[in-house]
1. Filter region 185-208 down to residues that are touching a residue at least 40 places away in the same chain (Cβ under 8 Å) and open to solvent by 40 Å² or more (accessible area, probe 1.4 Å), then give me how many there are.
2. Could you identify the single residue in 126, 108 that is of a type in the set (Val, Ile, Thr) and either touching a Cys at 6+ places or on another chain (Cβ under 8 Å) or farther than 24 Å from residue 43 by Cβ (or both)?
3. Of everything in region 22-44, what is among the polar types (S, T, N, Q) and outside any strand (DSSP E or B)? Give them in sequence order.
4. Which residue, of 81, 60, 125, is without any contact (Cβ under 8 Å) to a residue 40 or more places away in the chain and crowded, with 23+ Cβ neighbours inside 10 Å?
5. Tell me, which residue of region 154-165 that is touching a helix residue (DSSP H, G or I) at 6+ places or on another chain (Cβ under 7 Å) and open to solvent by 20 Å² or more (accessible area, probe 1.4 Å) is farthest from residue 19 (Cα to Cα)?
6. Among the residues of region 37-56, write down those that are touching a residue at least 12 places away in the same chain (Cβ under 8 Å) and open to solvent by 20 Å² or more (accessible area, probe 1.4 Å).
7. Can you tell me how many residues in region 93-120 are in contact (Cβ under 8 Å) with a residue 24 or more places away in the chain, open to solvent by 50 Å² or more (accessible area, probe 1.4 Å), more than 23 Å from residue 27 (Cβ to Cβ) and not polar (S, T, N, Q)?
8. When you look at residue 188, is it in a loop (DSSP other than H, G, I, E, B) and within 29 Å of residue 78 (Cβ to Cβ), yes or no?
Amino acid sequence: MTEAPNYIRDLVIANRILAHEDVLDAYGHISLRHPDNPERFLLSCSRSPELVEPEDIVEHHLNGQPVNPDGRKLYLERFIHGAVFEARPDVVAVVHSHAEDVLPFSMVPVPLKPVLHNACKMGSHVPNWDIRDAFGDTNMLVAKIEQGRDMAKALGNASVVLMRGHGFTGATATLMETVALGVYLPKNARVLMNAMRLGNVGVDGVKTLSQGELDLINFGPQRHDF
């Protein structure tokens, strides 16, 4: 791994961290906009994240098609990443996870609000996207660029979009921030759920982080390296 470019090394490490933290299962993935060509992004071939090596990283066009697959099997949901990079020039890294803790908030009209300091990158608004609204009954996978674009439209300018009965997609301006978002968003969902149970209240009865607090946390001293 020491012979790979630093950005490839960092993407491999990001895969390993998120797998270790149980954010990515065998089907989750994280991607990075190519630092030398913003019209392309880097994503592993279809491999369990904890096993990803530098040679597994595949360069893709923003439409989700590989530049040179070299016979490697690709993630079916690579269109999630391409569509977000296409819609959001400010985004540098994208994570897609099936974390169970966020799923209840994708199914009911209860918003996922920030309550955890380290989850500040989620922002104050987390939109929901339901693939059935535009595409009818499907296998719930984002297997076409048109589906990815519809999801990216729901994401808008937010950092996270929940995917009904599926998981979430997160996007930020750095790879490290996206890793942190992936790790702490499910933790935030657990804390919020427990607070609602403990107080026997709805989300409006929980003291969530204010926009001012989110701004101060986000602009405070942070490290952006592995």
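1. Adding up the residues that qualify gives 7.
2. After ruling out the rest, the residue left standing is 108.
3. Residues of region 22-44 that are among the polar types (S, T, N, Q), as a first pass: 31, 37, 44.
Within region 22-44, 37 is the sole residue that qualifies.
4. 60
5. Result: 164.
6. Keep residues of region 37-56 that are touching a residue at least 12 places away in the same chain (Cβ under 8 Å), which gives 38-46, 48-50, 52-54, 56.
Those that are touching a residue at least 12 places away in the same chain (Cβ under 8 Å) and open to solvent by 20 Å² or more (accessible area, probe 1.4 Å): 38, 39, 40, 46, 48, 50, 53, 54.
7. 3
8. Against the criterion (in a loop (DSSP other than H, G, I, E, B) and within 29 Å of residue 78 (Cβ to Cβ)), residue 188 does not qualify.
The values are calculated or read from the model by the stated rules, or taken from the named source; none is laboratory data. Please read these numbers as outputs of a predicted model, since none were measured by experiment. So basically every Cβ, Gly included, is an ideal-geometry build from the backbone, and we count neighbours across all protein chains shown. In case anyone asks, the SASA skips ligands and DNA or RNA and just uses the protein heavy atoms, side chains included. Shrake-Rupley method; radii C 1.70, N 1.55, O 1.52, S 1.80 Å.
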